[in-house]
Each structure stands twice: as structure tokens, then as C-alpha cells.
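Just below is one structure, and these are the notes that go with it.
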Amino acid sequence: MSAVSASSATSGSLKLDPVRALQHALYRSAKADPGRRFHALGDKVHRRDVLWHAWVMVRRNHGAPGIDAITLAEVEEYGVARLLDELADELRGGRWRPLPARRVFIPKPGSAEQRPLSIPSVRDRIVQAALKMVLEPVFEADMLPCSFGFRPRRGAHDALQVLIDEAWRGRRWVVETDIANCFEAIPHEKLMQAIEERVCDRSVLKLLRAMLRAGVMEDGQVKRPVTGTPQGGVVSPLLANVYLHRLDRAWDARRHGVLVRYADDAVVMCASREQAEAALERLRVLLADLGLEPKAAKTRIVHLQVGGEGLDFLGFHHRWVTSRPRDGRHPVAFLARWPSDRAMQHARDRVRELTDRRRLLRPVKVIVEDVNAFLRGWAAYFRFGNSAHTFDQIGSYARMRIGGFLAKKHRRTRKFGWAMVAFASQDSLELIALHGNVVAPRPFRDWRGRPNAGGERRR
């Protein structure tokens, strides 16, 4: 396709999608003038097409009801158009008020800890999604390359590639840390100051303050803390990134190493122990200025070397290893990665849950489909690594659990169940195979296998 035709196709697609055209216009305006403060955003939040896109986003993510117990299905029964008209009218008239979010606790994968999750009502999620669509392009124009979490067209594997590239360049002293209770600890006033650097529209600032002050309902009581942008809110990841952008822009990569931040998880790739120690101290100072602190149990300095320890980051375990020499070639040292112990335990726990005896009344086909659905999603993420051995382990575990499930269902021995799995044809059992499904990472090539054009700019 020629440049002209590509441009025509792009402009045509924008005409067909006014919301996307709006986002492009906001991004371009913010990018062209880094000092601009936007004063006319409120009318865009309650635009009917923006609210419709917000509803589609909320509906696609499913989600449980808030404290009002109204489900997505009940909203559809009530009438989506009717609800959106009501929300637009309330927002236009300044009458919209959010309900407290419903607080629940969910287990962290592979850990005994529990993570607090705040579930706003469906109405409030729609408004948050609309606000996110309007604000994200403005702040995205300012975001720096070191930030990867919850950003458009950037993800975990982009962050992981930086580790490969920088380790190859010789930065093998690594500071790893996790910001303690980041989403719950962000001070509201400082967060609003960060937002006001770019937004001066009073109606939008009023909406944001109302969302932050709505609080959560826990054990029948409403709590309204003065810190935190609760996990579970649609707009919370964006607000956290806006606040932590202050950390990113204060970071000096030449002095303290290359920062890689994915939301509240961070590593710094350094060239020496002295630089790593200085980087850790700098992190502590910058976080303290933000009213935050690193989590002590997850903060340390690791030296990547053959035979040394590794580190866990974004679900992978990273370790400096040497290749096995073949055909007379010299062994090559490189940074390998595979699913961490926690990720492996999470996979086993999930497969065990899906094949539990409490599901014996369900057809075997349904059980296998559920296991396959989980394995596909798990493997789609971890296949971009040196994961062949761990994939074999999880695949074997899944076959063993399916075999045990068959044995219990037919009231036979485990040997019978395992034999059914071992000798069943692919068509009859349809349990997917994980082997041969990995892509080893390479320096200066992104995780899709393309040359990494941005690699030199991180130097």
C-alpha cells in the first residue's frame, strides 16, 4: 500500500470512528505543546459516542456488580441507551455522584497474600471509562519510554526485551523493587497536583475528586481514605501512571542506570555494583518525595553472572546462563528467562482447581475445554522465553490431572485414567500440547522477532 493510500485509509477510519479521531486530536495537541493545560475536556466526557464506547469497554471486561448489586445483564434489560442518556444528562448538569466501591479481597497468584480489589458500580465504571478515554491521550503524550504498564501499544514483553538488550550491553547489576501498596498509598492531593499540570477543566477535576473521595464499602462500612486510587477502578491504572511519571522524569539513566517500570514493579539495569547501590538510594529518595516507599521484602541488588542467582520480573525468572556448545562452537553467555516458580505454582493450582472432584458431574469435554482455555492463555504469555522445559512440566501435570479426573469419574484406578490420556487420540481427548510452542528472545529484536529500532535510544 502506498503512503498516500495508507494515509487515506487512516483518515477514512478516523472519520468512521469519531472517538478515535478525538483521541488522536488530543494526543497531537498535547504532544505539540508540552506546557499546555487543557481547559475544555468536560464536554467530551459526556459525549454520547464516548459514553457508548465506554459501555462497550465495560461490557467486554464483564465484571461483578458494585454495592448497588446491578449487573451488566440488568443494565441491558433496563436499556443501555436509556442509561447512557441519563448519565450524559447527569454529567452535563454536574449532578453525577459515584457510589462507594465494593471492597473484596482476592488471593495473589502463588502467594498466601491477598490483594484488595475495589469494584465500582456499572454506572460508575462507564463514567470512569469515558473519563479515561478523554484523559489518556493527553497524558500519554508525556509518558516516557521507561514506563510500560497499562499503556496503549506497550506491554510486558516490551519491558522484558529491555532487560535482554541492556544485559547484553553489560548492565548486569540489577536493582529489583516493588512499590509498597502503590495503588492504595498515592496521596490524593499530590495526585491532583500531577493531573493539574495538564488539566485545568474544573468539571473534569471535580469528577476526579469525586471518584477519589467516593471511598469503599467494607464489612458494611464506608471508608474514605485520603490516599489511594483503588485497584479495580477503570481509571486507576492511568492515574497511577500519571503520578509515577514524576519518578520517571526525575530519573537520570546515565548516572543511575536504565529504569524499567511496569506500573508499581520496577528494575534498574546498572553497569556496576556502585551504580546499583546509588540507583537504589535514588529510588528510595524519589519515592519518599512521592509519599511512597519500596517494599522491603522485594527490594534487592542482583548480579547477573553464570552460576549466580537470578531475579523474577513480570512472571518470568531471569538468569545469566551459557549455551551448550554445538558443532565446535564456543558457548555463548546470555540472559535466559522462563516462568518463575510463582507462575508455575499458579498454573498448577489453576489446573488442579479446574479438575477438582467437585466438578465430577460435568462432562469430560467441558473439563478439557476449561483446561485448554487456561493453558492457551498461560502459554500465549510465557511462550516468549526459554520455556520449553517448564512447558513440558505443565503439560505433563495437566495430563496427569485429567487422567486422575477420568479415573474418579469412572470409579477406576489412576492407572486406568492415565492410560486413557496416554492412548487417547488427539481428536477424542482434544487436550492441547504445549511443547514446540516457544520463541527464544534475542538481543535488539523485539519479542515479535522484528529488529528493535528503539534499542540504541535507550543507551
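Is the range 77-87 home to any residue that is over 24 Å from ALA194 (Cβ atoms), under 27 Å from the mean Cα position of the chain (by Cα) and surrounded by fewer than 12 Cβ atoms within 10 Å (Cβ to Cβ)? For the range 77-87, residues over 24 Å from ALA194 (Cβ atoms), under 27 Å from the mean Cα position of the chain (by Cα) and surrounded by fewer than 12 Cβ atoms within 10 Å (Cβ to Cβ): absent. For first residues located in the range 275-287 and in contact (Cβ under 8 Å) with a residue 40 or more places away in the chain, partners that are part of a helix (DSSP H, G or I) and open to solvent by 80 Å² or more (accessible area, probe 1.4 Å) and lie 6+ apart or on another chain with Cβ distances below 6 Å do not occur. Residues of the range 12-69 that are in a loop (DSSP other than H, G, I, E, B) and either over 27 Å from LEU83 (Cβ atoms) or open to solvent by 80 Å² or more (accessible area, probe 1.4 Å) (or both): ASP33, PRO34, GLY35, ARG36, ARG37, HIS39, ASN61, HIS62. Going through (1) of a type in the set (Asp, Glu); (2) under 15 Å from PRO237 (Cα atoms); (3) modelled with pLDDT of 95 or more one by one, GLU184 falls short only on (3). Pairs are defined by a Cβ separation below 9 Å, a sequence spacing of at least 6 or placement on different chains, a first member in the range 342-362 that is over 15 Å from GLY395 (Cα atoms), and a second member that is open to solvent by less than 90 Å² (accessible area, probe 1.4 Å) and assigned to a loop (DSSP other than H, G, I, E, B); the pairs so defined are ARG342/LYS108; ARG342/PRO109; ARG342/GLY110; ARG342/SER111; ARG342/GLY315.
Among all positions in the range 446-459, there is no residue which is at pLDDT 80 or above and either open to solvent by 50 Å² or more (accessible area, probe 1.4 Å) or under 19 Å from LEU361 (Cα atoms) (or both). Selection of helices (runs of 4 or more DSSP H) fully inside the range 377-437 by the criterion of at least 2 residues being modelled with pLDDT of 85 or more and either within 23 Å of VAL364 (Cβ to Cβ) or of a type in the set (Ser, Thr, Tyr) (or both) returns 388-409. Filtered by the rule that a residue be of a type in the set (Gly, Ala, Ser) and assigned to a loop (DSSP other than H, G, I, E, B), the range 291-333 gives GLY291, GLY307, GLY308, GLY310, GLY315, SER323, GLY328. Residues in the range 271-297 that are more than 24 Å from the chain's Cα centre (by Cα) and open to solvent by less than 10 Å² (accessible area, probe 1.4 Å): ALA276, ALA279.
Quick check on the range 338-347. Is at least one of its residues of a type in the set (A, V, I, L, M, F, W, C), farther than 20 Å from ALA156 by Cβ and within 23 Å of the chain's Cα centre (by Cα)? Can you show your working first?
Of all residues in the range 338-347, those of a type in the set (A, V, I, L, M, F, W, C) come to 338, 343-344, 347.
Filter once more, keeping what is farther than 20 Å from ALA156 by Cβ: none.
For the range 338-347, residues of a type in the set (A, V, I, L, M, F, W, C), farther than 20 Å from ALA156 by Cβ and within 23 Å of the chain's Cα centre (by Cα): absent.
Consider the range 277-290 and keep the residues that are in a helix (DSSP H, G or I) and hydrophobic (A, V, I, L, M, F, W, C). The one that is farthest from LEU259 (Cα to Cα) is ALA288.
Here's the yes/no breakdown for (1) open to solvent by 20 Å² or more (accessible area, probe 1.4 Å); (2) touching a Phe, Trp or Tyr at 6+ places or on another chain (Cβ under 6 Å):
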site	(1), (2)
LEU238	no, no
VAL242	no, yes
VAL260	no, no
ASP264	yes, no
MET269	no, no
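Every residue, every condition in (1) of a type in the set (Ser, Thr, Tyr); (2) open to solvent by 70 Å² or more (accessible area, probe 1.4 Å); (3) in contact with a helix residue (DSSP H, G or I) (Cβ under 6 Å, 6 or more places away or on another chain), yes or no:
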residue: ALA336; (1), (2), (3): no, no, no
residue: HIS346; (1), (2), (3): no, no, no
residue: VAL351; (1), (2), (3): no, no, yes
residue: THR355; (1), (2), (3): yes, no, yes
residue: ARG358; (1), (2), (3): no, yes, no
residue: ARG362; (1), (2), (3): no, yes, no
residue: LYS365; (1), (2), (3): no, yes, no
residue: VAL371; (1), (2), (3): no, no, yes
residue: ALA379; (1), (2), (3): no, no, no
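Taking the range 201-211 on its own, how many of its residues are open to solvent by less than 20 Å² (accessible area, probe 1.4 Å), among the aliphatic types (A, V, I, L, M) and in contact with a Leu (Cβ under 8 Å, 6 or more places away or on another chain)?
Residues of the range 201-211 that are open to solvent by less than 20 Å² (accessible area, probe 1.4 Å), as a first pass: 201, 204-205, 208.
When the remaining residues are screened for being among the aliphatic types (A, V, I, L, M), the result is 204-205, 208.
Among the residues that remain, those that are also in contact with a Leu (Cβ under 8 Å, 6 or more places away or on another chain) are: 204, 208.
Total meeting the criteria: 2.
The values are calculated or read from the model by the stated rules, or taken from the named source; none is laboratory data. Note that the structure is a prediction, hence the values are computed from the model and not measured. No Cβ is skipped: glycine too gets one built from the backbone with ideal geometry, and neighbour counts run over all protein chains shown. In case anyone asks, the SASA skips ligands and DNA or RNA and just uses the protein heavy atoms, side chains included. Shrake-Rupley method; radii C 1.70, N 1.55, O 1.52, S 1.80 Å.
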